[in-house]
1. Could you tell me whether LYS114 is more than 12 Å from the chain's Cα centre (by Cα) and within 20 Å of GLU36 (Cα to Cα)?
2. Can you tell me which residue within segment 69-89, out of those that are touching a strand residue (DSSP E or B) at 6+ places or on another chain (Cβ under 7 Å), among the small types (Gly, Ala, Ser) and on the phi < 0 side of the Ramachandran plot, is surrounded by the most Cβ atoms within 10 Å (Cβ to Cβ)?
3. Restricting to segment 58-78, name every residue that is closer than 22 Å to LYS114 by Cβ and not in a loop (DSSP other than H, G, I, E, B).
4. I need every pair where a residue in segment 79-102 that is under 15 Å from ILE113 (Cα atoms) has its Cβ under 8 Å from the Cβ of a residue that is surrounded by 22 or more Cβ atoms within 10 Å (Cβ to Cβ) and polar (S, T, N, Q), sequence separation at least 6 or different chains.
5. How many of the residues making up segment 101-128 are open to solvent by 10 Å² or more (accessible area, probe 1.4 Å) and assigned to a helix (DSSP H, G or I)?
6. Of (1) assigned to a strand (DSSP E or B); (2) modelled with pLDDT under 95, THR32 satisfies all except one. Which?
7. Going by the structure shown, is ARG19 surrounded by 10 or more Cβ atoms within 10 Å (Cβ to Cβ), modelled with pLDDT under 95 and out of contact with any strand residue (DSSP E or B) (no Cβ under 7 Å at 6 or more places or on another chain)?
Amino acid sequence: MQKITDWAALWKELVEIKRDIQKDSIETPGDTDYWESRARAYDDRVKEKWSKPDSTRKFMLSILEPHTSLIDIGAGTGAWSILFSKHLEKITAIEPSRAMRDVLKSKISQEGIKNIEVLAQKWPDCTP
């Protein structure tokens, strides 16, 4: 019998491994947000990269069902959430960084998007 992959458990395991590896290099004492001074520059780099055609975006858009929802884990400044919001019923963007969420919320407001819910939580600890 073929074993079925528990994708949620696998994702959680990978997130925890990555968090443990990066802990010393990106976490700072107190409540300092690593992205505080980097979020806008990050968003600019994404915009530059996304100005060129990309087979991954094209493929993702080709397989999505219009009346579905999607969870964007680690949404950052929202490039994927915003792209998907134009094609899906609802997007839940999970982003722990206040600086990244601020950029995302600003973009949502500027574009008048109504179907993205932004959660200020970490995956896999979040609850919609």
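1. Working: more than 12 Å from the chain's Cα centre (by Cα): yes; within 20 Å of GLU36 (Cα to Cα): no.
When the stated conditions are applied, LYS114 does not pass them.
2. SER81
3. Looking only at segment 58-78, we keep the residues that are closer than 22 Å to LYS114 by Cβ, and these are 60-61, 64-73, 75-78.
Matches in segment 58-78: MET60, LEU61, SER69, LEU70, ILE71, ASP72, ILE73.
4. ILE91/SER81; ALA93/SER81
5. Within segment 101-128, the first condition is being open to solvent by 10 Å² or more (accessible area, probe 1.4 Å), and the residues that meet it are 101-102, 105-128.
From what's left, assigned to a helix (DSSP H, G or I): 101-102, 105-111.
Here the count works out to 9.
6. (1)
7. On the way: surrounded by 10 or more Cβ atoms within 10 Å (Cβ to Cβ): yes; modelled with pLDDT under 95: yes; out of contact with any strand residue (DSSP E or B) (no Cβ under 7 Å at 6 or more places or on another chain): yes.
Against the criterion (surrounded by 10 or more Cβ atoms within 10 Å (Cβ to Cβ), modelled with pLDDT under 95 and out of contact with any strand residue (DSSP E or B) (no Cβ under 7 Å at 6 or more places or on another chain)), ARG19 qualifies.
The values are calculated or read from the model by the stated rules, or taken from the named source; none is laboratory data. In this text the structure is predicted, and so the values were computed from the model without any measurement. Cβ sites come from the backbone with ideal geometry, for glycine too, and all protein chains shown count toward neighbours. All accessible areas refer to the heavy atoms of the entire protein, side chains included, with ligands and DNA or RNA removed. Shrake-Rupley method; radii C 1.70, N 1.55, O 1.52, S 1.80 Å.
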